[in-house]
Amino acid sequence: MALGHDHTNQAADNAQQAFLQQLKQTFGSLPNKIPIFLFVQRGKEDVFVDACRQVIRAFRSLTDKITLKEYYLDHEMADKWRVDSSPTLVIDPDHYNIRWIGAPMGEEGRSFLEAMLLIGAGKSDLSDQSQQVLQRLQEPRKVKVFVSPTCPYCPQQVVNGLKAAIEKPDLVSLEIIDIQCRPDLAEQYNAQSVPQAYANDVLIGQGAQQEEVFMSSLLKLEAQTIFIPESTDKVVETDVVIVGGGPAGLTAGIYTVRSGLRTAVVEKEALGGQVALTPIVENYPGFAQVGGKTLVDIMVSHALQYVQIFQGEEVLDIKRGQPMEVTTTRRKFLTKTILLATGATHRHLGVPGEQQFSGRGVSYCATCDGPLFKGRKVIMVGGGNSAVTEALYLKHMGVSVSIVHRRDKLRAQDVLTNQLQINDIPVIWNTEIKAIEGKERVQKVILLNNKTGQTSETPVDGVFIAVGYQPSVALAEKLGIELNEDGYIRHDAFHRTNIPGIYSAGDVEGGYKQIVTATGQGAAAAMTIFEDLINPYWKHDELAGVLTGA
């Protein structure tokens, strides 16, 4: 037993020696010096100060590329670099703005090693995609990454920050903050769970992030959960171009690619459409309750396994032909077919408080949000079929609802208006919302009687708005696609428009405007496109016309 133990120790020693020898060779090949400045409080020695010295001493035994100078916090150099915390490591300040507050102990030893290698090489080692993201950075970013010596996930986030600071030294500064050394800063930033990353005091990452996701979060100053690779191609040849990255477009992309069709999804704004702005979704199968943004991230992550997504590109023009040409703000697509999944947006009242309380008492979907208001008092704004239907839906759900309508007669069908009386839903006539007010949530509305000019306050828990939808049909109109009497794209049962090779799906078609119906329409349209590309129906129509002399 003892002999086996000795062999184990010898093997471990040999492996360690080999590793140290490899490190020496790596450091020896680095082209740059690595100057480090340690700042400490005069007369105050603690475990963190001692750990800093030990770590740097250990690294200096491997290479002469690392130099160390130590100063007290009252030294002019501390004032020059605005250092006020002990211990603080300032690393190569002539080239970068990187500092370590605390000591690179425990798991953070890996981060410190990576810092030494990156700075010694003078290269960020970022992926091409990450570099493309940072090239769009135009304004300074002050990054803080909170870490702990016992956190195995922290080094990944620290390295993300290091790479950004090395790639863009003129715009990105980095502070690595040990929460055990500076619990006051951790409390100030509510960084009790690490790693947490902030940029310009905005939380951009909680937990370790993929490198490209971190860079995207840094650029947008908003925590991202997925990264969409960018393409530099100026011309893309494909079988299908899907315009719109909502549930219909994303689902269609999955289905077309799985059918063997080259596909591109083009979205000018945020992916997910209105779903991404919905606080809670409670009626999507498989999820009893899920945040709208979370559901969108799941959909996008799934779609990215199949289809290339071009986000932030607006379609400027579409030319019909064989192939069709789709011109965006960044490139041109040559495609056999086009699916318009451009969606529709809720019409807004445009009154004070509407945007402020969206998702906090203001809602545009009774089906989505109605259950949250059971037993509470709300008003429904509108006078058409949608407003009355949603008011009845809320009533049957146990919500106390009244309708506010700016005219003296509803536009809804008689069969629906009769149901209002049967269900004892009052209508406040000739009345408009002038403001929506509250603190954290909606608490009251200011109403104006447009006949008398009198205003009044009404306490409510919610405001549901159903004053219509605005379908996004600018491209459809430009192409000469027929619209129905409500302004939505006219289509057949297979989602074909009047123009061969151009299809529609989702809210731009009208209908129920639910996530689940949009995904279903996207899947159905995708299967139609696949079948039509194999056996184009328009060729049969052309042949029939020739044979009949039409």
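The table that follows gives values for the structure above.
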quantity: Candidate lysines - alpha carbon under 22 Å from Lys439, same-chain residues fewer than 8 apart omitted; calculated: Lys374, Lys377
quantity: Percentage relative contact order, the chain, counting C-alpha pairs under 8 Å, at least six apart; calculated: 10
quantity: Spacing of the two label points (7 Å from each Cα toward its C-beta) at Tyr153 and Thr26, in nm; calculated: 2.4
quantity: Added length on full extension, which subtracts the Cα-Cα distance from 0.36 nm per residue, Met397 to Lys69; calculated: 111.0 nm
quantity: Net charge of neighbours whose Cβ lies under 13 Å from the Cβ of Thr225, counting Lys and Arg as +1 and Asp and Glu as -1; calculated: -1
quantity: Tilt relative to the chain, helix 247-258 - C-alpha long axis, 0 to 90 degrees, to 10; calculated: 70
quantity: Degrees separating the helix 385-396 axis from the principal Cα axis of the chain, which is the longest one; calculated: 70
quantity: Sequence of Met215, Met397, Met105 once ranked by neighbouring C-beta atoms within 10 Å, starting from the fewest; calculated: Met397, Met105, Met215
quantity: Beta bridge orientation in the chain: antiparallel %, DSSP, nearest 5; calculated: 45
quantity: Separation of alpha-carbon centers, segment 407-454 and segment 133-175, rounded to whole Å; calculated: 52
quantity: Summed side-chain charge close to Ile101 - residues other than Ile101 whose Cβ falls under 13 Å, Lys, Arg +1, Asp, Glu -1; calculated: -1
quantity: Computed over segment 362-467: relative contact order in percent, which uses C-alpha pairs under 8 Å that are six or more apart; calculated: 33
quantity: Sorted by Cβ density within 10 Å, fewest first, the residues Lys374, Lys268; calculated: Lys374, Lys268
quantity: Spin-label zone in segment 178-202 - amide nitrogen under 11 Å from a point set 7 Å from the Cα of Lys44 along the C-beta vector; calculated: 182
quantity: Likely footprinting exposure, Thr327, Thr88, Thr452, fewest C-beta neighbours within 10 Å first; calculated: Thr452, Thr327, Thr88
quantity: Centroid-to-centroid separation of segment 34-57 and segment 311-325 [C-alpha atoms, Å]; calculated: 60
quantity: Cα→Cβ-extended label distance, 7 Å offset, between Asp125 and Arg57, nm; calculated: 2.7
quantity: Near-label residues of segment 441-474 by backbone N, under 18 Å of a point 7 Å along Cα→Cβ of Ala435; calculated: 441-450, 453-463
quantity: On Cα atoms only, tilt of 515-534 relative to the major axis of the chain in degrees; calculated: 90
quantity: Histogram of C-alpha separations across segment 362-467, 5 Å bin width, %; calculated: 2, 13, 26, 25, 20, 10, 3, 0
quantity: DSSP beta bridges in segment 22-220 [antiparallel fraction, %, rounded to 5]; calculated: 45
quantity: Unpaired by the 4.7 Å Cβ criterion, cysteines found in the chain; calculated: Cys52, Cys181
quantity: Ranked by how many other beta carbons lie within 10 Å on average, peptides 359-366, 433-440 from highest; calculated: 359-366, 433-440
quantity: Extension gain (nm, one decimal) between Ala288 and Lys377, 0.36 nm per residue minus Cα-Cα; calculated: 29.6 nm
quantity: Thr455-Asp201 pseudo-label distance in nm [points 7 Å out on the Cα-to-Cβ vector]; calculated: 3.4
quantity: Debye-sum result for the chain in log10 I(q)/I(0), which assumes one identical scatterer on each alpha carbon, at q = 0.12 Å⁻¹; calculated: -1.12
quantity: Value of [θ]222 nm, deg cm²/dmol, for the chain, DSSP H segments ≥ 4, -39500 (n - 2.57) each, nearest 500; calculated: -10500 deg cm²/dmol
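Laboratory data are not the source of any read-out in this text; all were calculated from the coordinates shown. Since we're looking at a predicted model, the values are computed, not measured. All Cβ positions, glycine included, derive from the backbone under ideal geometry; neighbour counts span all protein chains shown.
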